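*Asks:* Here you go, one structure.
The values are calculated or read from the model by the stated rules, or taken from the named source; none is laboratory data. Just so you know, these numbers come straight off a predicted model, no measurement behind them. Virtual Cβ from ideal backbone geometry, glycine too; neighbours counted across all protein chains shown. These accessible areas exclude ligands, DNA and RNA; they are computed on the full protein's heavy atoms, side chains included. Shrake-Rupley method; radii C 1.70, N 1.55, O 1.52, S 1.80 Å.
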Amino acid sequence: IKREIKMRKLDSTKVRPLKSEQLLRIDDHDFAMRPGFGGSPIPVGIDVQVESIDSISEVDMDFTMTLYLRHYWKDERLSFPSTKNRSMTFDGRLIKKIWVPDVFFVHSKRSFIHDTTMENVMLRVYPDGNVLFSLRITVSSMCFMDFSRFPLDTQNCSLELESYAYNEDDLMLYWKHGNESLTTDEQISLSQFFIEEFSASSGLAFYSSTGWYNRLFINFALRRHIFFFVLQSYFPAMLMVMLSWVSFWIDRRAVPARVSLGITTVLTMSTIITGVSASMPQVSYIKAVDVYLWISFLFVFLSVIEYAAVNYLTTAEERKQLKKRGKVQTCVFLQAMAFDGCYHDNEADIDMTTFVVHSEESSARGRAASIPNLDATRIKRKRSLKGNVGRIILQNNHVIDTYSRIIFPTVYIVFNFFYWGLYV
């Protein structure tokens, strides 16, 4: 008899968890119906704690957020007697047996409830029938971004919550504690954005087939950090534009040097523009960074066009001078020397030509007599260049180069003042 009594005691402890379901009288009610069905809409309070903003994607125009979503409502069918007024806490296994609000995220792309090590769901029932239902969720939702001021932009995104089946006649969705219903972790930070503010708001959404629904909004503003783009886009573009100005100070006859410099800066600007475009969505309007990069590209391109004009005018001017002096026979020689990257002043060229002609006419005098004249000419050329380098450089400058040295930097500085004043 004693053994049977002990076995009964052990059996009674094994079925003890069933007493909670019996205490809540779950089997006595139809929980497919909302609380107070047929009467006034049931109030469901919401509060949210944002744990982290995991990522912001400009290409996909979405954001990913991890949050704690808590629902508050009263279901008198779940009330139970309690002498100490203590609540009962359950995990996700009881959720499928009772009524819970069907809140979903509007414009969401992906979402899931965390399940490590168990499903992150908590249900707490109070003796008077008040219920707390909490979830830990990660959701990816759309954010309609405007890139017209990129990367000097501020994006306003929102996560929207709404009941899927119950319109405002059956369910009233509201923020449980007003503006204080939305809390955030102080350590939330993003690599490219500064989070300016979080705010909670509410409104109504209308569907032509089902009516009006209560909708809650989690709003936050993101201001982009510009330092990364200054280093990766703006600063290199400035350097390329200033590098293109160096060609204005190079000898106009140094064709390989000036052409190579111009082509290099143009190709570098093209690479910078391509890199920025590859990391952005294919929008049909102009962005702020496009304005800066394309105008910088225009300055670099104009520096190449400027030298093309200088080279053409220089060649035309030399031909006129040669025709006036009657030295058409030396035209081929001077044109070849113009492409070797070296400077030849007029006085030295005249002396060299005189020497060559004279040496041909008096070739009978012998090789020994011509060598001292050649050495004397070279010494004279070196002395002439050594004492008049500054004068030679100034005289060899084309008027277009002279004006370009002033106009190009001035216009670019004015453009920068207007650009940064407008967008910043």
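*Asks:* Is it the case that residue 204 is at negative phi and exposed (fewer than 13 other Cβ atoms within 10 Å of the Cβ)?
*Replies:* On the way: at negative phi: yes; exposed (fewer than 13 other Cβ atoms within 10 Å of the Cβ): yes.
The answer is yes for residue 204.
*Asks:* Follow-up question, since we're still on this one. From the list 25, 8, which residue is in contact with a helix residue (DSSP H, G or I) (Cβ under 8 Å, 6 or more places away or on another chain), basic (Lys, Arg), surrounded by fewer than 16 Cβ atoms within 10 Å (Cβ to Cβ) and modelled with pLDDT under 80?
*Replies:* Numbers: 8 fails: in contact with a helix residue (DSSP H, G or I) (Cβ under 8 Å, 6 or more places away or on another chain).
Result of the check over 25, 8: 25.
*Asks:* Further, regarding this structure: Kindly provide the set of residues from segment 273-294 that are among the hydroxyl-bearing types (Ser, Thr, Tyr), part of a loop (DSSP other than H, G, I, E, B) and either over 11 Å from the mean Cα position of the chain (by Cα) or at pLDDT 90 or above (or both), ordered by number.
*Replies:* Correct list: 284, 285.
*Asks:* Within segment 52-63, can you find the residues that are surrounded by fewer than 18 Cβ atoms within 10 Å (Cβ to Cβ) and closer than 21 Å to residue 200 by Cβ?
*Replies:* 52, 54
*Asks:* Take residue 124 and tell me if it is closer than 25 Å to residue 214 by Cα, open to solvent by 50 Å² or more (accessible area, probe 1.4 Å), over 42 Å from the mean Cα position of the chain (by Cα) and not assigned by the TED database to the domain that holds residue 282.
*Replies:* When the stated conditions are applied, residue 124 passes them.
*Asks:* So which residues in segment 115-130 are aliphatic (A, V, I, L, M) and assigned to a strand (DSSP E or B)?
*Replies:* 121, 122, 123, 125 - these are the residues of segment 115-130 that are aliphatic (A, V, I, L, M) and assigned to a strand (DSSP E or B).
*Asks:* Continuing with this model, one more query. Hey, could you check segment 166-185 for residues that are charged (D, E, K, R) and assigned to a loop (DSSP other than H, G, I, E, B) and say which is surrounded by the fewest Cβ atoms within 10 Å (Cβ to Cβ)?
*Replies:* So the first thing to find is which residues in segment 166-185 are charged (D, E, K, R), and the list is 168-170, 176, 180, 185.
The next check asks that each one be assigned to a loop (DSSP other than H, G, I, E, B); those that pass are 168-170, 176, 185.
Values: 168: 16, 169: 11, 170: 18, 176: 15, 185: 13.
So, considering only residues that are charged (D, E, K, R) and assigned to a loop (DSSP other than H, G, I, E, B), the one surrounded by the fewest Cβ atoms within 10 Å (Cβ to Cβ) is 169.
*Asks:* Follow-up. Of 52, 141, which residue is in a strand (DSSP E or B), touching a His at 6+ places or on another chain (Cβ under 6 Å) and closer than 30 Å to residue 281 by Cβ?
*Replies:* 141
*Asks:* May I ask you to say which residue of 80, 133, 104, 112 is part of a strand (DSSP E or B) and open to solvent by less than 20 Å² (accessible area, probe 1.4 Å)?
*Replies:* Just a single option satisfies the conditions, and that option is 133.
*Asks:* Using the structure shown, decide if residue 275 is within 16 Å of residue 247 (Cα to Cα) and either of a type in the set (D, E, K, R) or out of contact with any strand residue (DSSP E or B) (no Cβ under 6 Å at 6 or more places or on another chain) (or both). Can you show your working first?
*Replies:* Values: within 16 Å of residue 247 (Cα to Cα): no; either of a type in the set (D, E, K, R) or out of contact with any strand residue (DSSP E or B) (no Cβ under 6 Å at 6 or more places or on another chain) (or both): yes.
Answer is no for this residue.
*Asks:* Further question on the same structure: Which of the residues that make up segment 84-127 are within 28 Å of residue 56 (Cβ to Cβ) and of a type in the set (S, T, N, Q)?
*Replies:* 108, 111, 116, 120
*Asks:* Another one. So residue 237 passes all but one of these: (1) surrounded by 14 or more Cβ atoms within 10 Å (Cβ to Cβ); (2) in the same structural domain as residue 39 (by the TED database). Which condition number does it fail?
*Replies:* (2)
*Asks:* Let me ask you something else. Picking from 250, 188, 195, which residue would you name as being of a type in the set (A, V, I, L, M, F, W, C), outside the structural domain of residue 56 (by the TED database), surrounded by fewer than 20 Cβ atoms within 10 Å (Cβ to Cβ) and at pLDDT below 95?
*Replies:* Answer to the check: 250.
*Asks:* Give me a count of the residues in segment 226-255 that are closer than 18 Å to residue 296 by Cα and either among the basic types (Lys, Arg) or within 17 Å of the chain's Cα centre (by Cα) (or both).
*Replies:* Of the residues in segment 226-255, 9 are closer than 18 Å to residue 296 by Cα and either among the basic types (Lys, Arg) or within 17 Å of the chain's Cα centre (by Cα) (or both).
*Asks:* While we're looking at this one, here's another question. Which count do you get for residues in segment 272-286 that are closer than 15 Å to residue 229 by Cα and open to solvent by 30 Å² or more (accessible area, probe 1.4 Å)?
*Replies:* 5
*Asks:* Checking residue 223 against (1) buried (at least 18 other Cβ atoms within 10 Å of the Cβ); (2) touching a residue at least 40 places away in the same chain (Cβ under 8 Å); (3) closer than 19 Å to residue 288 by Cα, which test does it fail?
*Replies:* (1)
*Asks:* Does residue 146 qualify as being surrounded by fewer than 19 Cβ atoms within 10 Å (Cβ to Cβ), of a type in the set (Asp, Glu) and more than 36 Å from the chain's Cα centre (by Cα)? Give the derivation first.
*Replies:* On the way: surrounded by fewer than 19 Cβ atoms within 10 Å (Cβ to Cβ): yes; of a type in the set (Asp, Glu): yes; more than 36 Å from the chain's Cα centre (by Cα): no.
In short, no.
*Asks:* Let me ask you something else. Considering only residues that are buried (at least 18 other Cβ atoms within 10 Å of the Cβ) and among the β-branched types (Val, Ile, Thr), which ones fall in segment 253-267?
*Replies:* Answer for segment 253-267, where residues must be buried (at least 18 other Cβ atoms within 10 Å of the Cβ) and among the β-branched types (Val, Ile, Thr): just 265.
*Asks:* For segment 91-101, what are the residues that are of a type outside the set (Gly, Ala, Ser) and surrounded by 12 or more Cβ atoms within 10 Å (Cβ to Cβ)?
*Replies:* Initial filter on segment 91-101 (of a type outside the set (Gly, Ala, Ser)): 91, 93-101.
Selection gives 91, 94, 95, 97, 98, 99, 100, 101.
*Asks:* Which condition number does residue 75 fail, the rest of (1) acidic (Asp, Glu); (2) within 29 Å of residue 25 (Cα to Cα); (3) within 34 Å of the chain's Cα centre (by Cα) being met?
*Replies:* (3)
*Asks:* Output the residues belonging to segment 408-424 that are within 30 Å of residue 317 (Cα to Cα) and modelled with pLDDT under 95.
*Replies:* none
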